[in-house]
Structures are given as structure tokens and as C-alpha cells.
1. Give me the dipole magnitude in Debye, nearest 20, for the chain about the Cα centre, with unit charges on the beta carbon: positive for Lys and Arg, negative for Asp and Glu.
2. Can you send over the solvent-accessible area of residue 78, 1.4 Å probe, protein chains only, in Å² to the nearest 10?
3. Tell me, what is the 1.4 Å probe accessible area of residue 22, in Å² to the nearest 10?
4. As a check on your grasp of the helix formula, calculate [θ] at 222 nm for the chain: sum -39500 (n - 2.57) over DSSP H runs of n ≥ 4, divide by the residue count, round to the nearest 500.
5. Please tell me the relative contact order of segment 42-106 in percent, rounded to the nearest whole number, where contacts are Cα pairs under 8 Å and at least six residues apart.
6. At residue 60 and residue 7, where each label point lies 7 Å from the Cα along Cα→Cβ, what is the point-to-point distance in nanometres?
7. Spin-label point model (7 Å from Cα, Cβ direction): what's the residue 29 to residue 90 distance in nm?
8. Label residue 101 and residue 53 with points 7 Å out from Cα along Cα→Cβ: what is the distance between them in nm?
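The values are calculated or read from the model by the stated rules, or taken from the named source; none is laboratory data. What you see is a predicted model; the values in this text were computed from it and never measured. Counting neighbours? That spans all protein chains shown, and the Cβs are built from the backbone with ideal geometry, glycine included. Heavy atoms of the whole protein, side chains included, go into the accessibility calculation; ligands, DNA and RNA do not. Shrake-Rupley method; radii C 1.70, N 1.55, O 1.52, S 1.80 Å.
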Amino acid sequence: MSFYSLFNHIEGILWLIVAVTIALRTPRNTFQQKAAVVLAVVAFVLFGLTDFIEAHYEARVPLWLYAWKIACGSAIFTSRYTWLGWTRFRWTDREFLFSIACLIAVIAIMVYQYS
């Protein structure tokens, strides 16, 4: 097993641990919070699965897998603001800015990989 493959398997396991931790440790007092937790758990599980799949591509990730990863990241972002309430969303929030920075980084990697 290559280092790349090993790293992706470890990363996938860590995302699954995050999903289980959210499912077990996050209080759900309202319907909005329940929906946010379910969305977060599903998104983190699916995001972890993308790493297990990516491990077999040895750094040549297909576009459909990048799209899947971006969709999972969007769902994680959405679960955050579903939990907080969308009235608390601000364009200058560090979570929003970090998600935009991650999206730019993924796009840069895709351009580099496919050029």
C-alpha cells in the first residue's frame, strides 16, 4: 500500500469518526437541530467514503469524485448554518471564508492535475 493510499484510508476513518461523534454527542432539541445533525452525519460519512475511493486512484482523482467531495463540503457548510440558523449567516464569517478558500484550493488542484 502506497503512502497516498494509506493517508486516504486514515483520512476516511477520521471523517467517519467525526460523523459518529456528531451523531452521539450533539444535542438535538429542535427539528432544525435534528435536521442539521442528520445532514452533517450523512455528509461526513459520504465525505469519508470519497477518501476510500480516492485511495485507489493514486493522486489522479476523476472529476466526478471532485464533484462528490465539493457536494459533501457544501452539505457540511449547510449543516453548520442550519444548526445556527441562517439569520446568523454573514459573508465575512470565518467558516464561510474558509469554505471559499478550500473551494479555491480544490479548483487549483483540479486545474493543476488536468493541465
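1. In debye, rounded to 20, the chain gives about 500.
2. Roll a 1.4 Å probe over it and residue 78 shows about 50 Å².
3. Looks like 40 Å² after rounding.
4. Helix contribution divided over all residues of the chain: -27500 deg cm²/dmol.
5. 33 percent
6. Placing both labels 7 Å beyond Cα along the Cβ direction yields 1.8 nm.
7. Here the modelled spin labels are 2.3 nm apart.
8. 2.8 nm
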